[in-house]
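Below is one structure; the comments refer to it alone.
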Amino acid sequence: MKEKLPPTRGSMMKALRALKLAEKGHDLLEQKRQVLMMELVRHIDEAKELQSRVAEVFDGAYKALQKANITLGIETVEEIALAIPEEKGFIVRLRSVMGVEIPEIDPMDGAPRPCYSFWDTSASMDRAFVEFRKVLALLARLAEIENGVYRLAVQIRKTHRRVNALEKMVIPGYGESIAAISNALEESDREDFVRMKMAKRSENAG
């Protein structure tokens, strides 16, 4: 609800200061929105590229798994897979972009080391293990990018609403208040001037 300001010079100064602050805030929010949009576009492009790579690597990994199943048997491959511990070595850091915290996962560097015995296994099993480690690394990176896209999109939506509120409500509202106060002050000045003229005529007549 727009604040009703009394038609005084103090109110005029207050409204002018508020208008200047609102315009500055609008400019800063617009800059923030543009920076976030550029970051969002970069993330979306990277996500598309990663999705394509994930599909390609997944295909190679499943082919390697099929070969291991044929060589060792499905039950043996399942037993080996159950012996592999859950991956907990992900390191997630946060990078701030205009106040939005974007997650970044440290890359899974280094050659993977099988955590199963080489007894009763084969090169096909090792190949499947290596390929699925590649899938895991890409999925971690894809999760990082998609989470960043979500956070950026949410913040862009919030910033857009604030920019719109300033453009369509706050700034025009202060403009209307300033115009109304200015008109009221001019009218008051004219009335004062007329009273002074009439008073001066009365003095001269007396």
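Checked against the criterion of being surrounded by 11 or more Cβ atoms within 10 Å (Cβ to Cβ), free of Cβ contacts under 8 Å to residues at least 24 places away in the same chain and part of a helix (DSSP H, G or I), the candidates D126, D189 yield just one match: D126.
Scanning region 78-101 for residues that are farther than 30 Å from E146 by Cβ, of a type in the set (A, V, I, L, M) and surrounded by 12 or more Cβ atoms within 10 Å (Cβ to Cβ) returns a single hit, I80. I'd like to know if region 17-37 contains one or more residues that are of a type in the set (V, I, T) and part of a helix (DSSP H, G or I). Within region 17-37 (the criterion being of a type in the set (V, I, T) and part of a helix (DSSP H, G or I)), the answer is yes, since at least one residue qualifies.
Filtered by the rule that a residue be among the aliphatic types (A, V, I, L, M) and either in contact with a Leu (Cβ under 8 Å, 6 or more places away or on another chain) or surrounded by 15 or more Cβ atoms within 10 Å (Cβ to Cβ) (or both), region 63-77 gives A64, L65, A68, L72, V77. When you check A18 against the structure, is it of a type in the set (A, V, I, L, M) and more than 19 Å from A165 (Cβ to Cβ), yes or no? No; evaluated as a whole, the condition is false for this residue.
Since every read-out is calculated from the coordinates, none of them should be taken as a lab result. What you are looking at is a predicted structure, and each value in this text was computed from that prediction instead of being measured. Note that each Cβ is placed from the backbone with ideal geometry, even for glycine, and that neighbours are counted across all protein chains shown.
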